[in-house]
Amino acid sequence: MNQASTILGIESSCDDTAAAILDNEIILSNITSTQKVHESFGGVVPELASRAHQSSIIPVIDSALKEANMSLQNLSAIAVTQGPGLMGSLMVGINTAKALSMALNVPLIGVNHLQAHVAALYIDNEVEFPLLCLLVSGGHTQLIWVTNFMEMEIIGNSIDDAVGEAFDKAGKLMGLGYPGGPQISKLAENGNPLKFTFPDSQTKNYDFSFSGIKTSLLYFLRDNQLADPDFLSKNVNDICASYEFSLVNMLIKRLEKALKDLNPKSIGIVGGVSANKALRTALNQTALKHNTTSYIPQFQYCTDNAAMIAKAGSYLLRDKKFMEISDTPFARIKS
Ligand code: KG4
Ligand code: ZN
């Protein structure tokens with residue numbers, strides 16, 4: 001059990017400005033402001049992201065405090081995403097956190113965004129370790145072997161695109177707007193997942209690859225639209241369902257291989273794509289099949305959020321792993 005604490009979590013690594021209050025291990029507020037400015041560009045524009053973070057970070061922190069019925073003086077630590085992410089975006093969160101920590105004289109905690117996605121599972125679950133966790137987001141696809149709360153090792157990785165990108169690029173190809181993941185997932189609900197087939201890629205061990213399936217969708221659409229210009233509009237639900245089905249199978253296949261080899265106590269999914277209903281169902285079915293426990297975060301803790309940053313921060317606070325005022329953001333994963 002962690003010591004009594006009230007932690008402000010701050011997240012600004014990509015296009016969500018977020019703040020949350022974790023009070024004695026209970027999330028009292030979790031505020032996320034998603035930047036709409038990127039939609040018309042079909043992807044995140046880093047410079048616009050930094051500017052939007054700069055204008056929303058203080059109002060978002062204010063809302064998180066207000067909803068938790070707290071003031072700055074109640075805080076015992078500030079936890080902030082230190083990386084990986086967009087440098088300009090990270091700087092906004094980190095510099096705000098540094099200023100608050102100095103002004104309030106409370107510890108500053110730098111959190112690894114990917115470890116925080118895993119920590120999202122600890123918010124509502126008493127997780128049994130070792131946990132085999134699949135991290136699926138817009139920037140990463142990893143299989144992670146978690147032996148204790150913040151002790152984890154990456155055992156599988158995507159060798160090219162992340163699965164979130166495979167969703168988002170498919171959304172762009174089909175003109176569904178950005179981000180494509182939630183749109184594809186919605187359209188897939190009324191489609192036949194077995195109507196079309198998309199190929200898996202050959203990868204080593206527990207690694208993933210999504211560039212091939214993305215290219216195969218591109219040629220599939222091009223060839224079929226040559227034959228029938230209305231092909232996409234007539235089949236959009238079935239295409240989304242079949243494409244989603246293929247992606248979910250690619251993920252579950254690697255997870256299942258690691259599950260058989262390593263025999264964990266539990267399995268889980270985290271990150272933005274863990275909001276996908278087909279993937280959530282597939283994970284639960286896999287757990288049933290192998291007689292193990294499965295964990296999935298609530299929807300609000302799947303995509304980028306600050307509750308997971310505060311939660312990860314609570315373990316680092318317990319272990320007194322603080323960030324120095326001179327420490328800098330890291331854009332890429334530290335090796
Ligand atoms: O974790 P996240 O919010 O940001 C990163 O750290 O990257 O993940 C964002 C990704 C996007 O690619 C988005 O399309 C995907 O999560 N996503 C989904 C769903 N909701 C979000 N993908 C498939 N189905 C969903 N329901
Ligand atoms: Zn993320």
VAL118 vs (1) within 30 Å of LYS172 (Cβ to Cβ); (2) β-branched (Val, Ile, Thr); (3) without any contact (Cβ under 8 Å) to a residue 40 or more places away in the chain: all pass except (3)
Among PHE220, PHE245, the single one that is assigned to a helix (DSSP H, G or I), within 16 Å of ligand 1 (Cβ to nearest atom), of a type in the set (Phe, Trp, Tyr) and open to solvent by 30 Å² or more (accessible area, probe 1.4 Å) is PHE245
When (1) at pLDDT 95 or above; (2) not assigned by TED's automatic domain parsing to the domain that holds ILE61 are applied to LYS334, the one that fails is (1)
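Based on what the data block shows, is LEU255 within 16 Å of ligand 2 (Cβ to nearest atom) and either open to solvent by 20 Å² or more (accessible area, probe 1.4 Å) or over 26 Å from ILE26 (Cβ atoms) (or both)?
Values: within 16 Å of ligand 2 (Cβ to nearest atom): no; either open to solvent by 20 Å² or more (accessible area, probe 1.4 Å) or over 26 Å from ILE26 (Cβ atoms) (or both): yes.
No; evaluated as a whole, the condition is false for this residue.
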Considering the range 272-297, residues that are outside any helix (DSSP H, G or I) and of a type outside the set (S, T, N, Q), and then whichever is surrounded by the most Cβ atoms within 10 Å (Cβ to Cβ), we arrive at PRO297
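Right, GLN300: surrounded by fewer than 24 Cβ atoms within 10 Å (Cβ to Cβ) and within 15 Å of the chain's Cα centre (by Cα) or not?
Working: surrounded by fewer than 24 Cβ atoms within 10 Å (Cβ to Cβ): yes; within 15 Å of the chain's Cα centre (by Cα): yes.
So GLN300 fits the description; yes.
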So the strands (runs of 3 or more DSSP E) completely within the range 66-179 holding 2 or more residues that are surrounded by fewer than 18 Cβ atoms within 10 Å (Cβ to Cβ), of a type outside the set (A, V, I, L, M) and away from ligand 2 (no atom under 16 Å from the Cβ) are 141-148, 151-157
Within the range 180-199, the residues that are part of a loop (DSSP other than H, G, I, E, B) and open to solvent by less than 30 Å² (accessible area, probe 1.4 Å) are GLY191, PHE198
Picked from the range 26-40 (must be in contact with a helix residue (DSSP H, G or I) (Cβ under 8 Å, 6 or more places away or on another chain) and at pLDDT below 95), the residue most open to solvent (accessible area, probe 1.4 Å) is VAL37
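The values are calculated or read from the model by the stated rules, or taken from the named source; none is laboratory data. Every value quoted in this text rests on a predicted model; they were computed, and no experiment measured them. Positions of Cβ are backbone-derived with ideal geometry, glycine not excepted, and every protein chain shown enters the neighbour counts. Just so you know, the surface numbers come from the protein's heavy atoms only, side chains and all, with ligands and any DNA or RNA stripped out. Shrake-Rupley method; radii C 1.70, N 1.55, O 1.52, S 1.80 Å.
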